[in-house]
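For reference, the structure is listed below as structure tokens.
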Amino acid sequence: MDSGTSMVAEAALGALFQRLFDTLALPFFKRLGFLFGVEKEAKKLKSTLLRIEELLSDAEERQIKEKSVRLWLSELKHIAYDAEDILDELAYMELQSKIEAAPIQTRKRKLTDQVPDFFSRLGSNFNLGSRIKEIRERFDELVTENNHLHLRVIRHGPETERLRMRPPTSSFVDESIVFGREADKAKVVRLLTSDDSSASDSSIHEVVPICGMGGLRKTTLAQLAYNDEHVVEHFEVRAWVYVSQDFDLIKLTKAIAESVLGRKPDLTNLDAIQVSIKEALKEKRFLLVLDDVWTEDFDDWQKLRAPLMFGARGSRILVTTRSQRVSSNMGTIPTHFLQGLSDDDCWSLFERRAFVNEDSDAHPNLVKIGKKIVNKCNGLPLAVKTLGGLLRSRVDVVEWEAFLKGEIWDLPEERNDILPALRLSYHHLPAHLKRCFAYCGCVVNKGWLGVEGNELILRWIAQGYIQPKGSTSEQMEDIGREYLANLVSRSLLNCLRVSSSHYTMHDLTHDLARSVLGADFWKIGDEKSHGNAEKARYTSDSLLKSCSNFEDLYCLKSLRNLSLSYYTGKIPADLFINLRHICTLRLCLYGNRITELPESIGDLLQLRYLDLSNSDIERLPKSTTRLYNLQTLILEGCSNLVELPSDLSNLVNLRHLPLNVFTQSTVSIPPRIGTLKGLQTLSHFNVGKEIGRGVNELKDLIHLRGYLCISELENVVNVEEAKVAQLKNKQKIEELELRWKCDDVESRQEGIEEEVLNALQPSTNLKRLEIEGYCGVRFPTWLGDSSFSNLTKVYLRKCRCRLLPPFGRLPSLKSLSLSHLYGLKKIGHEFYGDGIMTGFPPLEKLSFDSMPDLEELSGLESDIRHIRAIDISNCTRLGGLPSVSTIRQLTLSKCEEQIFTSLPYLTSVSFLIISNFSNLTSLGNGLQHLTSLQSLEIDCCPELTSLYDVDLPALDDGLGNSNYSNPTCLPKGLQTLRLRDCPKIPSLPEELLTTLRSLYIERCPLLVEKFLVLAEGGNGYRCKISDIPHITFEGYYKKKEIMKEKIILKLCLTNH
């Protein structure tokens, strides 16, 4: 097929047309049509669009095989895009008139006085009538062309769906051509035949779901299990039914009856058919395979399963599906998610298909190329099978290399099983998801770690793929999360296991998305790019290192997204004049050192997403405040940023403004931010004393969500302003930081901070709270109220208080950090509360840092009995620790040595860190009682000379032979020892060397000198060291003048 045209050229034209209809119906467009006499043209345009829309279904089916229809759809799409651009510009112009008229209105001039000026300017400069007429005439030409194409009006129904269906399946399988599914088969067979039922008492059978993307061979796995001899013996009745996209209840019930009865039932009534199934399965243990299920309607499943409830206990239903929602609706046990094949299994399958008699040894020149082709398949057996079959009997290296370099949509249509299989998933998507999926082909790149979910959603919104749902209050971001979950459920996107917020695509699914985009996608600098550059709408990330590279972009006049990386310097002024249709602009990728943006960025009337994170810009151009459609402005990591435009409040559509944490103290939020009522992300708000910069600006920002830091709260002198902020009503803020500056404390008005903090009570949905610089005598009652049931992390820093809130009342608190709390001398039962709760039931980590007045932790043993980790640092007056039997991790730093006297009572500690004890010479005997200790780390103890219990000299003959009669102070079960910056430790106990599994030493020169001698075989300790599996020495030591790599190498040689 022609590479310049999409294999699925319609690319969700239905959704695009719907957006055009919605725009044409907007009140402002109707007003424009009336004032400029183009009302008739607008009506004609809508009528033409309606006629074309009716032809889309037929065109979508026929374009796969008919090039003329494919070209017709491609041209239709380009015209629709151009129409969308015109309507977007119109909406911008109306928005501009309102914003620019507002200041004049404040000077007593009526807004209506501005309307004629605006429409006059619009009429003369925008050529509204002629542009609409031109678009309408282009659509009319396509309607005329249909006289030759004979496209028909088709309503979606069974006939349409059948054109999209794969061939029906059966239970038979050739096991000799199946590779790498032994473990999967064994698991499924076990699930089918196991007598251990986890189903409820009311359930007769288990439903076992197999889920995965198209081409993984889920059906093959079901066939393998179905024909397994243990399965055959286990079930009295076995039946196989192919379901497909066409879920027809009567048809499927008949198919089940025919498979169960062994004959076609002469019945047409649904009830009669179900009765026949019931009678046939009654008291019999059966296995029913429902292959290729698509319907996500739970009611459909309930109706289908009704007659299946009468089989014997132990019956099973095996379901294969691409949809996680289907497996969730139908399954009664956890879904078996089928994964790709290993490289070795893929190669075995490829060898079977590609080489005659599987003799790859006869063609060594093809093997290397073949393995690269297999790698392209990324574990998908259908792709391996198809490509192997296409290459069978071909021995020309040039042909094999062509397959290696080509794309899957370039393969012969009649022999390409890959795209049709994957395309089924695409065709089954609702129209609104088709555009979202196709756009993933630009955003998600092969071999990358994936795209962050929120970023993808915001870019969908910027492209206009997500629209508000009528009059509902549901935000577009929430709708986007539904879209994202839907694509994951359909196995078209993958959620990375290491990070649930990042998403990837299988390489071949990515190829499908690119094929959907077709000529709309342009790969900059790629000679394979086909089609008309001026009509291309999308591109992937571009690597630009000099200004001359921008010449490659100037021809892409219709481009809607642009991402640049590895560019340093200024962006050319004429770039945005040429690319004026950009909706998403990312200048944030790795290697960018963009220092300045041109004023021409203000000409991007359709720009909705601007990401400048990690750039070197100091200021945004003044024209930025003309980007009235801008929804997202990302400035994270902009460490050189010194200010934001004063007229930022002009960006009335702004929804997200994340700032760099390092610029929060230097970059002030401009005045009147409260007018941006759609803001959801405002990572930082610093309170000012000027009009428009008070904390009351937060009042109308009811959609704020996620993280919010409010700083410079010392500027709040009127408590009413704090009350007006209404943080309590902002239900979606999950992380909140409240900060006062810690300087000039004496000048603050007494009592005002307590009232302000009390007025800033957040929603009980809060998950994380940090308070810094608060100098009130006591904390408000809401901090410690049990209604804050979602609060899991609390941080108090640089506060001057003598009494802590009753944190023990917080039912979900897991981590509590207290830092630089001056004046607090004792923490006792008041920390726990009034006894209503059972005392910090979920608390896992407790941290005390830089509390110079803290002397006592008393009465807490029962209150924090579930704690797992305690960190104590720079608490120089604290003499002891609470005796808690559940502590597993303990960190002690910069404290008095007296604190070690508490260690014998903490027998559950398994990880201990001791650091920054400047006068510590020995550890004493307290550590011997830590019988659970597995890991010990000692850092920055410059006077530490001994790890022994008794301070007696250890004799040393200079070659590493010492008298180790001194008992070690360390427990026998110690597995890991890390010593860093302890320059006076001369040796380690002999018995310790025999039990350690890991030893790490850094900047401990006396130990290094000794162990270098040992490693070179200078004495009998060589065998002791070789018993430690993992040894690492790091640092540069002048005496030996040897780097750490050489030290490690010597020890590794010794260990072998």
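A few comments on the model shown:
- Listed by chain and number, the lysines whose C-alpha is less than 16 Å from the C-alpha of K732, apart from same-chain residues fewer than 8 away, are K677, K699, K767.
- Ignoring lysines fewer than eight residues from K254 along the same chain, the ones with Cα atoms less than 27 angstrom from its Cα are K218, K264, K278, K282, K284, K303.
- Diffusion constant of the range 734-800 at 37 °C, which comes from Stokes-Einstein with the Kirkwood Cα-pair radius and 0.692 mPa s, µm²/s: 263
- When all alpha carbon pairs of the range 670-764 are counted in 10 Å bins from zero, the resulting P(r) reads 17, 54, 25, 4 %.
- With a simple spin-label model that places each label point 7 Å from the Cα along the Cα-to-Cβ direction, the separation between T144 and K845 comes to 7.1 nm.
- Charge dipole of the range 181-337 (Cα centre as origin; +1 on each Lys and Arg Cβ, -1 on each Asp and Glu Cβ, all else neutral): 180 debye, rounded to the nearest 20.
- Modelled spin labels at S883 and Q975, positioned 7 Å past Cα toward Cβ, are 2.8 nm from each other.
- Ordering L810, L411 by the number of other Cβ atoms within 10 Å of each residue's own Cβ, fewest first, gives L411, L810.
- The C-alpha radius of gyration of the range 368-434, expressed as a fraction of 2.2 N^0.38 Å, stands at 1.25.
- All aspartates and glutamates inside 14 Å of K570 as judged from Cα atoms, apart from same-chain residues fewer than 8 positions distant: E596, E599, D616, E618
- For the range 237-320, the list of GluC sites (Glu not before Pro) that fall in a loop by DSSP and count at most 16 other C-beta atoms within 10 angstrom reads E283.
- With 27 Å as the limit on Cα-Cα distance, the pairs of K77/K523; K187/K385; K723/K825; K133/K523; K46/K77 that go past it are K723/K825; K133/K523.
- Summed residue charge, Cβ within 11 Å of L641's Cβ, Lys/Arg positive, Asp/Glu negative: -3
The numbers here are math on the coordinates, done by the rules we state, and not lab data. For clarity, every value in this text was computed on a predicted model and none was experimentally measured. Note that each Cβ is placed from the backbone with ideal geometry, even for glycine, and that neighbours are counted across all protein chains shown.
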